[in-house]
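Data block below; observations after.
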Amino acid sequence: MPAGLIESYPFSANRYDEMLSSRGEAREHWAPFAERLENFPDEALIRRAEFVRNSIESDGVSYNVYADPKGTKRPWELDMLPLIVGSEEWATLSASISQRARLMNAILADLYGPQTLLSEGLIPPALVFGQHGFKWPARGVQPPGNVWLFSYAADLARAPDGRWWVIADRTQGPSGAGYALQNRIIVSRAFPDAFRELHVNPLASYFRSMQDSLARLAPADGDVPLTVLLTPGPYNETYFEHAFLARYLGFPLVEGQDLTVRDNTVFLKTLRGLRRVHTILRRLDDDFCDPLELRADSALGIPGLLGAIRAGRVLMANALGSGVLESGALFGFLPAICQRLLGEPLAMPSVASWWCGEAPALEYVLEHLDELVIKPAFPSMRMEAVFGHELKGDSRRRMIERILAQPHAYVAQEWVRLSQAPVWNRRLLPRSVGIRVFASATGDDYTVMPGALGRVAPRAGMEVISMQRGGLSKDTWIRADAPVVRTSLLKRRLGVIDLVCGGADIPSRLGENLFWMGRYAERVEASARLIRAALPRASSTDADTVQSLAGLLEAARGLGVLGDIDADDRPENIEAELIAALLDDKQPGSVASNLRALSFSASQVRERLSSDNWHALNRLEQLLSEQVTSTDQALSAIDRVMQSCISLAGFAMDDMTRDEGWRFLILGRRIERLEGLAGLISVPMSAEPEVRERMFEWLLEAVNSIVTYRARYRRVPELLPVLHLIVFDRTNPHSVGFQVDVLQKYLARSSRELGHPYPSLMIDPLARRLENFDLTRFEAEDCELALGTLRTLLAESMSVAQNLSDEVHRRYFTHTLRPMQLRRVA
Amino acid sequence: MTIVRYHIRHDTLYRYDQPVGESRQMLRLTPRELPGQHCVSHRIEIVPEPQRIEDFADGFGNPVRSMHFERDHDTLFIRAESWVELESKPLPDLAASPAWESVRDQLAYRAGRFLDAAMLEACGYLFESAHVRVKRDFADFAATDFPAGVPLLVGVDRLMRRIFHEFTFDPEATDISTPVTEVLENRRGVCQDFAHLMLSCLRSIGLAARYVSGYILTRPPAGKPRLIGADATHAWVSVFCPGVGWVDFDPTNALLPALEHVTIGWGRDFADVSPLRGVILGGGGHEPEIAVTMVPEDEFESLYTDADAPVASLLQV
């Protein structure tokens, strides 16, 4: 081992170093850890670094970077060395943070209420009404328990004199507490002995207090309160954290479309019905929360949410409009505001700042540009911080012009030399660091998480810390004076009670996507079969075949697979149309466009699909990129599609757990097949008697029963046996009767399990009519009358399929009422 | 003192391509009570019947009716009918208003300076909003009308007249998504665009101005009778003048609204006070058909011979 890991640490004595004093000695609260570090053999540290990396990988900790061309998910970056803060220092620091959270809450209460701060000139109107974050629809709202700000975070940096400064306030929906917890889980395992000996404060109690406070503050009206964590979805940069925190806290993770508002009350849509939601832990920016009153183009929100909030029926954590305090331009006004609202001095200073909207401040900024960092006063400007000393020539002139044109839009902050701490990269290297500290409301006060997310600049000499720019993180150890008792919300081992997977809350969205996945998978297969039957016939010169083709094309048009083409057209044109109906994903109803819809539904339920299932879907999607010019190529492409479709059907039956969600996949498949079959069979049954029988050949191919027919009858298809096989034979999975049978069975089961009435009137009469149909009527010479009855039956089957689809949606997915006028079922 | 009385009927009909299972609508169709404006009677008729109706005042004090539908429907018909009385008030003496720079300076922030309720309210209308920009281009455009020392309301009046003369009314040129910068560039648009343009100019030089949504009395072409449904909603601007209060200006018609403008409400721009705003589940193809009729009391009887015709007959048109 090279002597003196710490001795060789190239720390700089003129910067504040977290670990070493200016004389190069370990600070008191670091000493035990530094000593251990010194005594570790090299390999032991390498092994620990590997352990940290592997843990991140196996836990799937990730952070999405919007501009990352390599896809959205990027592994979380964690340095294995903790940042250590002594207990005395922490006591002061956490008291200051708690005060600041109280202050922020009081400011929100004032801005959305009486606005005395504005009328007394303590806060500039520009920083309120000029802020995009100020939400007019939230004016006058009185949140439960007067808690506007439930979670708060502050970014802190240490000034060269060793004092902590606030460099940013996070009031919208602060992220990072979950990452801090994840960091803790990993780093405490990498250094278990040191962790124990240093009496590091545990984090679990903070999260428990969050749970308790949410339950206490919720407008429960006597219910057991339900809290959900609202996420924008998997594309959000901190989605991993949303999922992790939801699991850790035991709150359902929901997107806007999982919730609905009825009678000014928020509900979670589950397959079992609506469950009232009392508290929303919000990680979705307020702008997107209610398309009715906020951003109209938002598809992520919950229409009517503001109505429920105004009625005091739901606690928003944080309140809509809380983001208005995230501007650094407010810093200069906080000391006076604190005195006014809390009657006490502001405990922790913010970094010195000058809001250019005030003439004297503007003057100062222009004179001292080199010592300052220019930032937007309105975070919605999305402008990066600009270091005054880096501005030369033209860019300096332009910046000054911009500031002069709209002074109130800029704020200048003192250029802070951040403190440094060692990171491990086969040796110790100094990097600029800061911490994000978290607080959450307990009612009248705030509790501060005894830990922090350590944030490290990505490169030496770099002074900007940003996770979006590739920053590194650290676990932060707050030392306690005495040994601490450890608890965790994560159960060490699962008990029998955990074996039932919270079935009560399967979100409707999951059922809906499975349902449509079933419908589209079936539709892809059915339309591919139809094109496969049509293609060889299109080039045929045989008169009978040409005549039967007309019906086939009509059927394809009726099912929306083909556009309106002229059956008298030349064969080449028909072929081209058929190939387009296969591959053109811009053409509605084509195999390719149904495939796109299938992939979309499948991607929404990805976590429920096995990797083999997923691969079959991927193979299907390859169809979209195929180059097909000839009929032969088209036919072989169809064969590959069929193969994958058959795999998917197999997975549906044999690969997925048969829970409440799965039932909807099968319902979707059966409803789709019922509608498709009935529509297809109707075509020959409506044709002139002389062409009808010539259509049976392609009909049997298209409904996938040709092999069965040949095996049973070994002769040319005839009306009675064909109808028996594909309409009435309940042993044939490709018959109308089979679909009705299975639908009855699954609907009955879903009704029982999910507690909804079985839609008997919708399906039982059809089943009875199928069963009671007198097939001997087709033995007669003239069976036109019997065919008329059959056509009615097929039409009824199609409308039953459509009505059931509507009913399933209404009852299980959207939870809306039936229309006033019942549609005619028969 | 003159009092005039108008009847206003504002019909909106949505025909959806597919049944809508769930829908929420927010209506701002109720004229505000104001000095000089009194709503004698008002009712809103809705077909189909909503599952829930709620009335409240929004952040700007405008009356709002919010509705929730939970049943399939393929049309939605909304009729707002109001009898409104307007009372003439003396127009402000434009030349007697304070110099515009002094107004600007009073509205600018100075630490510790107390703002009275009127000033505080005005501060809400000083900055950018969804359809109003604060930019040098707009300040430059306004500069001609606001030389040093000109009384505030004289400057605003000049700006209004210049917009009226230099811009062409052209319903084809813009839609609601056309940015106000483009309106400035192309010099064409409708009342909404001119209001947003004038607001941008005024706020860009540091003045407080708000968007007013309402109705205006129109005159049928010479020799032609007044027709039902021939009118439209209207928009104009209101400027804050310390000591005087809010003064309305209509850039589309180059006049100060008096006895022919009925105010529904106001906000920072159109987005805050759009008469109808909604979110539907399902549906599609839902541009509404809108018919507005504003008629003086003495013409009411002759115009509405079918005044009591049931709404249902309208739906079948």
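The values are calculated or read from the model by the stated rules, or taken from the named source; none is laboratory data. This structure is a prediction, so every number in the text was calculated from the model and none was measured. Because the Cβ atoms are built from the backbone with ideal geometry, glycine has one as well, and the counts that use them run over all protein chains shown.
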Only listed residue being buried (at least 20 other Cβ atoms within 10 Å of the Cβ), closer than 25 Å to residue A:591 by Cβ and either without any contact (Cβ under 8 Å) to a residue 60 or more places away in the chain or not assigned by TED's automatic domain parsing to the domain that holds residue A:270 (or both), chosen from A:703, A:707: A:703
Answer from B:54, B:45 - the residue that is out of contact with any His (no Cβ under 8 Å at 6 or more places or on another chain), part of a strand (DSSP E or B), under 30 Å from residue A:815 (Cα atoms) and more than 14 Å from chain A (Cβ to nearest Cβ): B:45
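Hand me the list of helices (runs of 4 or more DSSP H) wholly inside region A:636-740 holding 2 or more residues that are of a type in the set (A, V, I, L, M, F, W, C) and in contact with an Asp or Glu (Cβ under 8 Å, 6 or more places away or on another chain).
On the way: elements: A:660-685, A:689-692, A:696-702, A:706-713, A:719-723.
In region A:636-740, A:660-685, A:719-723 are the helices (runs of 4 or more DSSP H) which contain 2 or more residues that are of a type in the set (A, V, I, L, M, F, W, C) and in contact with an Asp or Glu (Cβ under 8 Å, 6 or more places away or on another chain).
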Residue check, residue B:70 acidic (Asp, Glu), in contact (Cβ under 8 Å) with a residue 40 or more places away in the chain and not assigned by TED's automatic domain parsing to the domain that holds residue B:287: no
Residue match in region B:259-274 (condition: surrounded by fewer than 19 Cβ atoms within 10 Å (Cβ to Cβ), away from chain A (no Cβ under 14 Å) and more than 30 Å from residue A:299 (Cα to Cα)): yes
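Given the criteria surrounded by 13 or more Cβ atoms within 10 Å (Cβ to Cβ), modelled with pLDDT of 95 or more and in a helix (DSSP H, G or I), does residue A:106 qualify? Let's see the steps before the verdict.
Numbers: surrounded by 13 or more Cβ atoms within 10 Å (Cβ to Cβ): yes; modelled with pLDDT of 95 or more: yes; in a helix (DSSP H, G or I): yes.
Taking the combined requirement at face value, the residue satisfies it.
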Candidates B:226, B:210, filtered to the one that is among the basic types (Lys, Arg) and not in a strand (DSSP E or B): B:226
Members of region A:297-313 found to be within 11 Å of residue A:280 (Cα to Cα) and under 22 Å from the mean Cα position of the chain (by Cα), listed by number: A:305
One residue from A:22, A:55, A:8 being at pLDDT 85 or above and farther than 25 Å from residue A:193 by Cα: A:22
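Across region A:293-311, which residue is farthest from the other protein chains (Cβ to nearest Cβ) among those that are in contact with a Gly (Cβ under 6 Å, 6 or more places away or on another chain) and over 20 Å from residue A:219 (Cα atoms)?
Of all residues in region A:293-311, those in contact with a Gly (Cβ under 6 Å, 6 or more places away or on another chain) come to A:300-302.
After this cut, where a residue has to be over 20 Å from residue A:219 (Cα atoms) as well, the list is A:300-301.
Details: A:300: 13, A:301: 9 Å.
Across region A:293-311, the extreme among qualifying residues is A:300.
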Positions within region A:421-452 being under 18 Å from residue A:94 (Cβ atoms), outside any strand (DSSP E or B) and of a type in the set (S, T, N, Q), in sequence order: A:442
Restricting region A:267-287 to residues that are within 13 Å of another protein chain (Cβ to nearest Cβ) and of a type outside the set (Asp, Glu), the residue that is surrounded by the fewest Cβ atoms within 10 Å (Cβ to Cβ): A:274
The one condition in (1) buried (at least 17 other Cβ atoms within 10 Å of the Cβ); (2) at the interface with another protein chain (Cβ under 8 Å from one of its Cβ atoms) that residue B:113 fails to fulfil: (1)
Extreme residue, nearest to the other protein chains (Cβ to nearest Cβ), among residues of region A:100-117 that are touching an Asp or Glu at 6+ places or on another chain (Cβ under 8 Å) and hydrophobic (A, V, I, L, M, F, W, C): A:117
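Here's the yes/no breakdown for (1) in contact (Cβ under 8 Å) with a residue 60 or more places away in the chain; (2) farther than 21 Å from residue A:803 by Cβ; (3) of a type in the set (Phe, Trp, Tyr); (4) surrounded by 11 or more Cβ atoms within 10 Å (Cβ to Cβ):
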| position | (1), (2), (3), (4) |
| --- | --- |
| A:749 | yes, no, no, yes |
| A:758 | no, no, yes, yes |
| A:765 | yes, no, no, yes |
| A:769 | no, no, no, yes |
| A:781 | no, yes, no, no |
Filter result for residue A:400 (aliphatic (A, V, I, L, M), more than 24 Å from residue A:80 (Cα to Cα) and outside any loop (DSSP other than H, G, I, E, B)): yes
Given (1) surrounded by fewer than 18 Cβ atoms within 10 Å (Cβ to Cβ); (2) more than 38 Å from the chain's Cα centre (by Cα); (3) among the hydrophobic types (A, V, I, L, M, F, W, C), number of the condition residue A:385 does not satisfy: (2)
Matching entry among B:139, B:95 (being within 12 Å of chain A (Cβ to nearest Cβ), outside any loop (DSSP other than H, G, I, E, B) and touching a residue at least 40 places away in the same chain (Cβ under 8 Å)): B:139
Residue list for region A:135-154, restricted to those being facing chain B (nearest Cβ under 10 Å), buried (at least 21 other Cβ atoms within 10 Å of the Cβ) and in a loop (DSSP other than H, G, I, E, B): A:135
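Is it the case that some residue within region A:784-802 is within 23 Å of residue A:518 (Cβ to Cβ) and within 14 Å of chain B (Cβ to nearest Cβ)? Please lay out each step first, then the result.
Restricting attention to region A:784-802, the residues satisfying the condition of being within 23 Å of residue A:518 (Cβ to Cβ) are A:794, A:796-802.
From what's left, within 14 Å of chain B (Cβ to nearest Cβ): A:802.
Among the residues of region A:784-802, at least one is within 23 Å of residue A:518 (Cβ to Cβ) and within 14 Å of chain B (Cβ to nearest Cβ), which makes the answer yes.
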Residues of region B:51-95 classified as among the small types (Gly, Ala, Ser) and farther than 30 Å from residue A:124 by Cβ, total: 5
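Anything in region B:57-84 that is closer than 20 Å to residue B:33 by Cβ, facing another protein chain (nearest Cβ under 8 Å) and not in a loop (DSSP other than H, G, I, E, B)? List them, or say none. Give the derivation first.
Initial filter on region B:57-84 (closer than 20 Å to residue B:33 by Cβ): B:57-66, B:80-84.
From what's left, facing another protein chain (nearest Cβ under 8 Å): B:58-60, B:66.
Scanning region B:57-84 gives a single hit, B:66.
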From the options B:207, B:217, B:153, residue that is within 14 Å of chain A (Cβ to nearest Cβ) and of a type in the set (A, V, I, L, M): B:207
In region A:226-265, the residues that are within 21 Å of residue A:216 (Cα to Cα), outside any loop (DSSP other than H, G, I, E, B), away from every other protein chain (no Cβ under 14 Å) and in contact with a strand residue (DSSP E or B) (Cβ under 8 Å, 6 or more places away or on another chain): A:227, A:228, A:229, A:230, A:245, A:246, A:247, A:249, A:253
